[in-house]
């Protein structure tokens with residue numbers, strides 16, 4: 001009789017451990033899904049910012065629409081980046 005009780009307790013422990021394992025798996029899946037959702041939203045926000053930036057640039061420089069990616073890269077290499085930075089920050093400070 002005592003042996004049956006021990007076996008029963010062990011079976012109950014095993015069943016409880018299995019249930020906890022299943023619960024942990026579900027929690028892991030939910031956490032992974034939340035992470036994917038947040039990463040996806042972050043990518044969408046970045047994509048939106050890049051599209052808006054490109055649209056604004058195309059509005060002020062319509063010639064950019066005709067350039068290939070390689071041509072655009074070559075053009076950017078020839079720009080005086082320091083002068084652009086200086087003008088950009090000056091315009092920002094004047095706008096405040």
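Here, each number is a calculation from the coordinates, and none is a lab measurement. Remember, predicted model here, so these are calculated numbers, not experimental data.
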Computed over the Cα atoms, what is the radius of gyration of the chain divided by 2.2 N^0.38 Å, N being its residue count?
2.41
Please report the Cα spread of the stretch 40-96 along all three principal axes, rounded to whole Å, starting with the longest.
34, 32, 19
In degrees rounded to 10, the 0-90 angle between helix 69-78 Cα long axis and the longest Cα principal axis of the chain is 60
On C-alpha positions alone, give me the angle between the axis of helix 2-60 and the longest principal axis of the chain, in degrees, nearest 10.
10
Report, to two decimal places, the Cα Rg of the stretch 1-56 normalised by 2.2 N^0.38 Å (N = number of residues).
2.39
Structure-based [θ]222 nm, the chain - -39500 (n - 2.57) summed over DSSP H runs of at least 4, per residue, nearest 500:
-31500 deg cm²/dmol
Nearest 10 degrees is fine. How inclined is helix 81-95 to the longest principal axis of the chain, computing both from alpha carbons?
80
